[in-house]
1. If you go through the range 329-342 one residue at a time, do you hit one that is under 20 Å from the mean Cα position of the chain (by Cα), outside any helix (DSSP H, G or I), buried (at least 19 other Cβ atoms within 10 Å of the Cβ) and in contact (Cβ under 8 Å) with a residue 12 or more places away in the chain?
2. Within the set of pairs 6 or more residues apart or between chains, which connect a residue that is farther than 18 Å from residue 127 by Cβ inside the range 285-300 to a residue that is outside any helix (DSSP H, G or I) and at pLDDT below 95 with Cβ atoms less than 8 Å apart?
3. From the list 175, 188, 220, 198, pick out the single residue that is modelled with pLDDT under 95, buried (at least 24 other Cβ atoms within 10 Å of the Cβ) and assigned to a helix (DSSP H, G or I).
4. When you scan the range 26-40, do you find a residue that is at pLDDT 55 or above and exposed (fewer than 13 other Cβ atoms within 10 Å of the Cβ), even just one?
5. Tell me which residues, restricted to the range 347-357, are touching a helix residue (DSSP H, G or I) at 6+ places or on another chain (Cβ under 7 Å) and either surrounded by 20 or more Cβ atoms within 10 Å (Cβ to Cβ) or under 18 Å from residue 387 (Cβ atoms) (or both).
6. How many residues, within the range 307-326, are in a helix (DSSP H, G or I), surrounded by 15 or more Cβ atoms within 10 Å (Cβ to Cβ) and modelled with pLDDT of 90 or more?
7. Only one of these conditions is not met by residue 240: (1) in contact (Cβ under 8 Å) with a residue 24 or more places away in the chain; (2) closer than 30 Å to residue 113 by Cβ; (3) in a helix (DSSP H, G or I). Which number is it?
8. Of all residues in the range 145-161, how many are surrounded by 16 or more Cβ atoms within 10 Å (Cβ to Cβ) and without any contact (Cβ under 8 Å) to a residue 40 or more places away in the chain?
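The values are calculated or read from the model by the stated rules, or taken from the named source; none is laboratory data. Predicted, not measured: the structure shown is a model, and the values here were computed from it. Here the Cβ positions follow ideal geometry from the backbone for every residue, glycine too, while neighbour counts run over all protein chains shown.
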């Protein structure tokens, strides 16, 4: 009898061990197939329905963005007319605004290229200060001009309009993935109408850089590291703040590896993450080296940044001094707005860090603001540098999303109008560069 009892106990133990092993094997199989399972279960009709829904949302976001841009230009034209301004005498009205300041540099580079050591001193040579402007944006303008019947001016306006629209859609998709549709919609409006958002319509790099940056961050979010790397590399050829984007991609890659290092197949994905990070960091240094070789001096870009614009790295000392001076001494409205914008950006960044906004957006904003505020260029340019750092609008967007619908609409509209007015003021009343 004791022998029979022992046999039954042993059989039960064996059955439990077998069941446990089977359960563990099943769990491992589910882990390995969890990415592929949705593809097997989603039919063609469901995919088409999802695609159609995304298309309608993207169209709505694009229409909203273009409406904001149109409102910005109408407001600028009204303020130009009210002031009877002859400021843009070469091309009066809105067209003069869109091609002003840095726009002239980009159009010259698109049409004539960069100077070189061999052309220095020639009367017809391109101004050597042109090396400060990165090549990605003028290259795209030149491509559009060569493939269409429109001029360089309209090619630049078209590139900015299309790239800005794409950036708005990508930002909506990214924020919706992080929060919900309501927060995403408010964030897009606040981003598109922020102070100095007029640069998204101008022949400036902001629109193209934002499109590439938001695309790279969305690729990071979806763990498509090589795509993120390529987009980051391209962004680095558009603006020097591509280094901040590359650093954000690299930080996300390291954090992802630390969390996933024990998973099956993590080594292969870690290689792709490292490759994507390296690509994302390559764009800006590559241009600095190439233009240095072209001009015969590797420090060419830094030399012209300082000689032409008085900009060099000083750990933010000049920025802090100028902010304090403008807040304590200035009688000019726009100068005070610029100083307040910098203070507000730093406060919003603190909220972003405290709220633990997704690492990609947070790191991009941290590195970007450090790079933008760490130089000695005048603070009157720096509110424009804030445009790509969409993380800064998220605390406000989240707060507004929790309010009642009438409050949401009124507050969002008021903030958007304030931002558009500051943009119009900077291009009509303020007489200097933005």
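1. No - not one qualifying residue is present in the range 329-342.
2. 288/298; 289/298
3. Going through 175, 188, 220, 198 in turn, the sole match is 198.
4. There is no residue in the range 26-40 that is at pLDDT 55 or above and exposed (fewer than 13 other Cβ atoms within 10 Å of the Cβ).
5. Scanning the range 347-357 gives 348, 349, 352, 357.
6. Here is the first cut: in the range 307-326, the ones in a helix (DSSP H, G or I) are 307-309, 317-326.
Add one more test, that the residue is surrounded by 15 or more Cβ atoms within 10 Å (Cβ to Cβ), and what stays is 309, 318-319, 322-323, 326.
Within this subset, residues satisfying the condition of being modelled with pLDDT of 90 or more are 318-319, 322-323, 326.
Residues that pass the stated criteria total 5.
7. (3)
8. Number of matching residues: 3.
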